[in-house]
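Enquirer: Below are the structure tokens for one structure; questions will follow.
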Amino acid sequence: MSNAGFGWESMLRTDVPNGCSLKAALFTTYDRADERLIAEHLLPVVLKLDRQPEAEGPNQSYFLLELESRLQQLHGRIVVVSSTCRDEPSNFELPDDNSYDWLWRSIRHFTVGRNGRAVQHAKLWLLQWSAPAGGGDEYMEIFVSSANLTYSAFKGQIQGCWKACIKLEPRGSAARLKTWGILNEFLSELDISSGASGSLKLFQALLA
């Protein structure tokens, strides 16, 4: 549903002005994030890739090269926080079965519960965008939904979503930060519980 009212549409789309490029993104999910969903459906949209994933053939290789290149440019600036633990791959490897485990070498993944038992149930996306070169404007896109980052959530279920695209002010404001209610405190607690070590402070700064 768009911020213009109620309606039916895919969540995997963005409302930022044409020509904007992604600078950073936070995705929270309860269930373990599905690498294939992220690689073949979410990232092509938010990274605005020129090529689309194919089942086989040279187009698949070109897609993977473009995806890897864009992720390297944003290394560590895309963050996923979930409630389900996963093992980080020790070496970069792209198996014959088209596994996307290697994504986690560029995407930071954290799970809550570092300091005690905890559950993260929010489905919050915060995306920072910059305008085309010379434009100077930046935007924050916010999604609050019922959808986990899983195939079943996007392919086999009906979800609800609220989203907004906000033009950022050139300077932060403590007063502006307070208008977001508990969202800033939620990000602070999420950072602590997941052991993100300050990785979410960027997104708190965007709220300001």
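The values are calculated or read from the model by the stated rules, or taken from the named source; none is laboratory data. Because the structure is a prediction, the values reported are computed rather than measured. Neighbour counts run over all protein chains shown; Cβ positions are idealised from the backbone, glycine included. Keep in mind that these areas ignore ligands, DNA and RNA; they rest on the heavy atoms of the full protein, side chains included. Shrake-Rupley method; radii C 1.70, N 1.55, O 1.52, S 1.80 Å.
Enquirer: Taking interchain pairs and intrachain pairs at least six residues apart, which have beta carbon atoms under 7 angstrom, with the first residue in the stretch 174-197 and aliphatic (A, V, I, L, M) and the second open to solvent by 40 Å² or more (accessible area, probe 1.4 Å) and assigned to a loop (DSSP other than H, G, I, E, B)?
Expert: ILE192/ASN115
Enquirer: Among (1) in contact (Cβ under 8 Å) with a residue 24 or more places away in the chain; (2) under 25 Å from GLY113 (Cβ atoms), where does GLN159 come up short?
Expert: (2)
Enquirer: Check the stretch 66-74 and report whether any residue there is farther than 22 Å from ARG108 by Cα and either assigned to a loop (DSSP other than H, G, I, E, B) or at pLDDT below 95 (or both).
Expert: Taking the stretch 66-74 as the starting set, the residues that turn out to be farther than 22 Å from ARG108 by Cα are none.
Among the residues of the stretch 66-74, not one is farther than 22 Å from ARG108 by Cα and either assigned to a loop (DSSP other than H, G, I, E, B) or at pLDDT below 95 (or both), which makes the answer no.
Enquirer: Here's another thing I want to ask about it. How many residues are exposed (fewer than 15 other Cβ atoms within 10 Å of the Cβ) and aromatic (Phe, Trp, Tyr) if we restrict to the stretch 97-142?
Expert: Number satisfying all stated conditions: 0.
Enquirer: What tally of residues in the stretch 159-208 results from selecting those that are within 18 Å of the chain's Cα centre (by Cα), farther than 16 Å from VAL79 by Cα and of a type in the set (A, V, I, L, M, F, W, C)?
Expert: 7
Enquirer: Select from the stretch 127-139 the residues that are of a type outside the set (Gly, Ala, Ser) and within 19 Å of LEU43 (Cβ to Cβ) and list them in ascending order.
Expert: Filtering the stretch 127-139 for residues of a type outside the set (Gly, Ala, Ser) gives 127-129, 132, 137-139.
Scanning the stretch 127-139 gives LEU127, GLN128, TRP129, TYR139.
Enquirer: Would a scan of the stretch 48-55 turn up a residue that is of a type outside the set (Lys, Arg), in a strand (DSSP E or B), on the phi < 0 side of the Ramachandran plot and modelled with pLDDT of 90 or more?
Expert: Keep residues of the stretch 48-55 that are of a type outside the set (Lys, Arg), which gives 49-50, 52-55.
Now drop any that are not in a strand (DSSP E or B), which leaves none.
So far as the stretch 48-55 goes, no, none of its residues is of a type outside the set (Lys, Arg), in a strand (DSSP E or B), on the phi < 0 side of the Ramachandran plot and modelled with pLDDT of 90 or more.
Enquirer: May I ask you to verify whether LEU94 is assigned to a helix (DSSP H, G or I), among the hydrophobic types (A, V, I, L, M, F, W, C), at pLDDT below 95 and surrounded by fewer than 15 Cβ atoms within 10 Å (Cβ to Cβ)? If you could, list the steps in order and put the result at the bottom.
Expert: On the way: assigned to a helix (DSSP H, G or I): no; among the hydrophobic types (A, V, I, L, M, F, W, C): yes; at pLDDT below 95: yes; surrounded by fewer than 15 Cβ atoms within 10 Å (Cβ to Cβ): yes.
Against the criterion (assigned to a helix (DSSP H, G or I), among the hydrophobic types (A, V, I, L, M, F, W, C), at pLDDT below 95 and surrounded by fewer than 15 Cβ atoms within 10 Å (Cβ to Cβ)), LEU94 does not qualify.
Enquirer: Continuing with the same structure: Condition check: modelled with pLDDT under 95, among the aromatic types (Phe, Trp, Tyr), within 18 Å of the chain's Cα centre (by Cα) and not in a helix (DSSP H, G or I). Does TRP104 satisfy that?
Expert: Spelling it out, it is not the case that TRP104 is modelled with pLDDT under 95, among the aromatic types (Phe, Trp, Tyr), within 18 Å of the chain's Cα centre (by Cα) and not in a helix (DSSP H, G or I).
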